[in-house]
Structure formats: structure tokens, C-alpha cells
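See below for the structure under consideration.
The values are calculated or read from the model by the stated rules, or taken from the named source; none is laboratory data. Worth saying up front: this structure is predicted, and the values here are computed from it rather than measured. Don't worry about glycine lacking a Cβ; one is built from the backbone with ideal geometry, like all the others, and counts go over all protein chains shown.
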Amino acid sequence: MTLRIGVIGTGMIGQDHIYRITNTLTGAEIVAVTDVNQEQAKEVVEREKLNAKVYDNGQDLIHSDEVDAIIVTSWGPTHEEFVLAAIDAGKPVFCEKPLATTAEGCKRIIDAEMAHGKQLVQVGFMRRFDQGYRALKKVLDKEEIGHPLMLHCAHRNPEAPGFSGDMAITDSLVHEIDVLRWLLDGDDYVSAQILTPRKTRFATEGLQDPHIMLLETKQGIRISVESFVNCQYGYDIQCQVVGDTGTANLPEPATVPIRSEAKASTEVFTDWKDRFVDAFNVEFQEWIDSTLKGEMNGPSAWDGYVVAVTTDTCVEAKRTGQIEPISIPEIPEFYSKKIVNM
Ligand code: NAP
């Protein structure tokens, strides 16, 4: 059986996902697309030689009998409306982050999904599908370094054109907020603080860069994540877990070590798409495979909600400069079996 997918939003990441589903992955076909920019949607259909209909709007696409499952890759503020409509239609929906732009919006989605009675929503936190993070999680799950005590992490981009305000938190650190909680088996955060070091000369006017995000979990694990979106030298993701009997590091992506001109070197990626291309492919292949089986195993709407609550608190902590408490409700039974997605 082939999963017939409709894509809402044919911008940058929507086009990437259409390409990977059409050319790299198996088990699915793009049969419908829509975008507020209809010309762009038509161009994508032609360029990728899709056998797909261009719909006038997301609602029509969701309710079409020809569409089995939905991918939402439109602008963030439209996600909630489309995810709610997909739940209403009883169709599986993969939504790129954010699930909704507010924690209240995520809560409305959770309530709708629980009322529907079956999980339909997966959120696009692709780092859980990266083989390096998965290998690190296996080490932690087997307690090879004992119990985790501290995490030291970094999220560096060479430059961030278009970044403004709190985007380093809301668009970039959200990935750490999700993947670190997942690494720690759903140990929810209880407080956040944002430190603002001396500003780099390469940040645009008005943009604070770098940041240090400090999180504490329910079990008392302390986490620091450096966010540096104008680091100049590359796209560099670091994560070290310190346990009570050892340390474990996120593996570096495989690149060829070179020795030349009296120097030893390895390449550092400059583009996040190259760093996580395999993770995106695994994420979508697993989503297609589980959807065809009628299952939902990836990051859930509850995960999207927890990330939204934490992100909101981090933004507030940046504003106040204080340690801010994070209040995550107890996970409902409906979602509790889905916290580990391996
Ligand atoms: P983008 O290039 O701006 O694409 C979004 C597309 O959605 C645009 O073509 C936009 O049209 C269209 N759109 C807006 N409102 C719509 C509506 N009501 N119905 C249909 N289409 C609509 O943005 P992007 O970079 O692809 O990002 C899309 C989403 O993916 C964002 O939420 C982003 O955070 C997420 N994302 C996730 C990752 C990740 O690492 N997982 C990476 C990149 C992006 P107009 O341009 O005409 O407004």
C-alpha cells in the first residue's frame, strides 16, 4: 500500500520533504499540495514531476478523499489550524515545529486529539532520528556512564540572516529543549535561566548573540546549552553528558580526517541541512512506515506542548534575567506510553 500524502506549504522545508519522499524514501507518494503562493506550488509539482493536484487551500486538501495523511510545512502561525483540521478529519498529520506558536495552542491540539481518542499528530523534532543522538541515548539507557548529572551542550550556526528578537530560543534552541528531554527519558524541566554574554561583533544590530540557556530537570540534572548563531566557523552541534561513573559525547558526523601541510583537520559542516539530512530521511521513513501500520511512534503533540511551555519560559527568563520556574503538568495516560521513541 502507498501512503497518499498532501503537503500544506511548499516553501523551503516543504520542498525538501517533497523531494525526499519522492526520490529517496519508499511507501508514499505526494498526491496533493497547496500554498498561499499558488504559483510556487504549481512550480514544485512541475519541477518534481509529481502526479499531484494543487489545492486552493489547506482545508480543502485535508478533507480530500484522495489524501490519506497530511504534512504541515507552512508558516508557524498556521500550524494549529491545519493540525486541528486534520484531527477533525481523523487523518494522521506530521507538523513541522512549532506545533503551535503558543502553549495554549498546543493545549487545544492535545485536547482535540484526546477527544478524538487516537494519536494522529507527530511533531518535526528530527534530532531524535539522528544516529549520533540515538547512539548516545543507548549509552544512557544502558547506564554505561551511571546516572546523568550534568549536560554541556552547544548549538552554533556560522551566521543567522533574518534572525531577530528571541528566534535563537524559539527557532533554534527548541531542538535542544526537545532532544535533551528525550535523551533523559522525559525528565521534565523545572526551571530556566538565560544568560547573555558579551555580544559578538558579528551579530546584527539589536540581536543578542550568544546566549547560554540553563535548565534544571525534575531529577536535579543541570543542563547548559550555548547558543551562538553567528559563530562564523561552521554549524556545530555539541552535547556531552556527565554521569556519576563517566562521560559520553554526541559523536561527530563522519567526515574524512586529513593530515596535510603540517596540520591534522576534519571538515565542520556549515549547513544544518547537511548535518541532519540523514535524520530527516529516517524521521520521514519511520513516519510513513508507522502511519501505514496505523501507529504513531514519533514526537507527540504532548512533546510539542512541553517544548512550547519550556520555550515560553525561556523567553520570559531572557526578559527578566531571573531563574524562572517551569510548570509542566503530569503527562496524561493517553500520551504516557509514547515518551521514548526508539
Ligand atoms: P518558508 O520557506 O517560508 O515556507 C513556508 C511556506 O508556507 C511559504 O511558501 C508560505 O507562503 C506558505 N504558507 C504560509 N501560510 C500558508 C497557508 N495559510 N496555507 C498554505 N501555505 C502557507 O518556511 P520554511 O523555512 O519552509 O519553514 C516552514 C516551517 O518549517 C516553519 O514552521 C519552520 O519553523 C519549520 N522548519 C523546521 C526545521 C527543522 O529543523 N525541523 C527547519 C526549517 C523549517 P508565503 O511565503 O507566500 O507566505
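Sort out which residues of the range 68-92 are on the phi < 0 side of the Ramachandran plot and away from the ligand (no atom under 14 Å from the Cβ), and write them in order of number.
Scanning the range 68-92 gives Asp68, Ala69, Ile87, Asp88, Ala89, Lys91, Pro92.
Go through (1) more than 16 Å from the ligand (Cβ to nearest atom); (2) closer than 30 Å to Gln219 by Cα; (3) assigned to a helix (DSSP H, G or I) for Thr311 and report which single condition fails.
Among (1) more than 16 Å from the ligand (Cβ to nearest atom); (2) closer than 30 Å to Gln219 by Cα; (3) assigned to a helix (DSSP H, G or I), Thr311 violates only (1).
For the range 162-188, name all the residues that are under 18 Å from Trp272 (Cα atoms) and part of a loop (DSSP other than H, G, I, E, B).
Those that are under 18 Å from Trp272 (Cα atoms) and part of a loop (DSSP other than H, G, I, E, B): Gly162, Phe163.
Of all the residues that make up the range 261-287, how many are more than 16 Å from Thr26 (Cβ to Cβ) and out of contact with any strand residue (DSSP E or B) (no Cβ under 9 Å at 6 or more places or on another chain)?
Here is the first cut: in the range 261-287, the residues more than 16 Å from Thr26 (Cβ to Cβ) are 261-277, 279.
With out of contact with any strand residue (DSSP E or B) (no Cβ under 9 Å at 6 or more places or on another chain) added as a condition, the list becomes 261-263, 270-271, 273-274, 277, 279.
Total satisfying the criteria: 9.
Of the residues that make up the range 135-149, is at least one touching a His at 6+ places or on another chain (Cβ under 8 Å) and under 28 Å from Ser300 (Cα atoms)?
no
Would you check if there is a residue in the range 173-189 being surrounded by fewer than 19 Cβ atoms within 10 Å (Cβ to Cβ), farther than 18 Å from Asp303 by Cβ and in contact (Cβ under 8 Å) with a residue 40 or more places away in the chain?
No.
Can you tell me which of Pro98, Pro92, Pro77 is crowded, with 17+ Cβ neighbours inside 10 Å, of a type outside the set (Asp, Glu), out of contact with any strand residue (DSSP E or B) (no Cβ under 6 Å at 6 or more places or on another chain) and closer than 28 Å to Lys273 by Cβ? Spell out the reasoning first.
Details: Pro92 fails: out of contact with any strand residue (DSSP E or B) (no Cβ under 6 Å at 6 or more places or on another chain); Pro77 fails: crowded, with 17+ Cβ neighbours inside 10 Å.
Residue meeting the stated conditions: Pro98.
Pick from the range 191-206 the residues that are surrounded by fewer than 17 Cβ atoms within 10 Å (Cβ to Cβ) and of a type in the set (A, V, I, L, M, F, W, C): which of them is nearest to Ala308 (Cα to Cα)?
Checking each candidate, the answer is Leu195.
Take the range 5-43 and flag every residue that is within 15 Å of the ligand (Cβ to nearest atom) and charged (D, E, K, R).
Residues satisfying the conditions are Asp16, Arg20, Asp35, Glu39, Lys42, Glu43.
For Val83, only one of the following conditions fails: (1) under 25 Å from Pro329 (Cβ atoms); (2) in the same structural domain as Val306 (by TED's automatic domain parsing); (3) surrounded by 23 or more Cβ atoms within 10 Å (Cβ to Cβ). What is its number?
The number of the failed condition is (2).
Taking interchain pairs and intrachain pairs at least six residues apart, which have beta carbon atoms under 7 angstrom, with the first residue in the range 117-129 and under 17 Å from Asp178 (Cβ atoms) and within 11 Å of the ligand (Cβ to nearest atom) and the second assigned to a strand (DSSP E or B) and not hydroxyl-bearing (Ser, Thr, Tyr)?
Pairs that qualify, where the first residue is under 17 Å from Asp178 (Cβ atoms) and within 11 Å of the ligand (Cβ to nearest atom) and the partner is assigned to a strand (DSSP E or B) and not hydroxyl-bearing (Ser, Thr, Tyr), are Val123/Cys95; Gly124/Phe94; Gly124/Cys95.
So if I check each of Ser64, Ser74, which one is outside the structural domain of Thr247 (by TED's automatic domain parsing), touching a residue at least 24 places away in the same chain (Cβ under 8 Å) and over 21 Å from the mean Cα position of the chain (by Cα)?
Exactly one of Ser64, Ser74 is outside the structural domain of Thr247 (by TED's automatic domain parsing), touching a residue at least 24 places away in the same chain (Cβ under 8 Å) and over 21 Å from the mean Cα position of the chain (by Cα), namely Ser64.
If you scan the range 1-41, which residues turn out to be within 21 Å of Pro98 (Cα to Cα) and assigned to a strand (DSSP E or B)?
Across the range 1-41, the qualifying residues are Ile5, Gly6, Val7, Ile8, Val33, Thr34.
Select from the range 146-161 the residues that are within 18 Å of the chain's Cα centre (by Cα) and not in a loop (DSSP other than H, G, I, E, B) and write down the one among them that is farthest from Thr245 (Cα to Cα).
Narrowing the range 146-161 to residues within 18 Å of the chain's Cα centre (by Cα): 153-157, 160.
With not in a loop (DSSP other than H, G, I, E, B) added as a condition, the list becomes 153-156.
Details: Cys153: 19, Ala154: 23, His155: 26, Arg156: 28 Å.
The residue in question is Arg156.
What residue, of Ile323, Ile328, Ile288, Ile339, is of a type in the set (Val, Ile, Thr), modelled with pLDDT under 95 and within 29 Å of Ala100 (Cβ to Cβ)?
After ruling out the rest, the residue left standing is Ile339.
Go through Asp65, Asp56 for me and flag whichever is farther than 15 Å from Gly14 by Cβ and within 14 Å of the ligand (Cβ to nearest atom).
Matching residue, one of Asp65, Asp56: Asp56.
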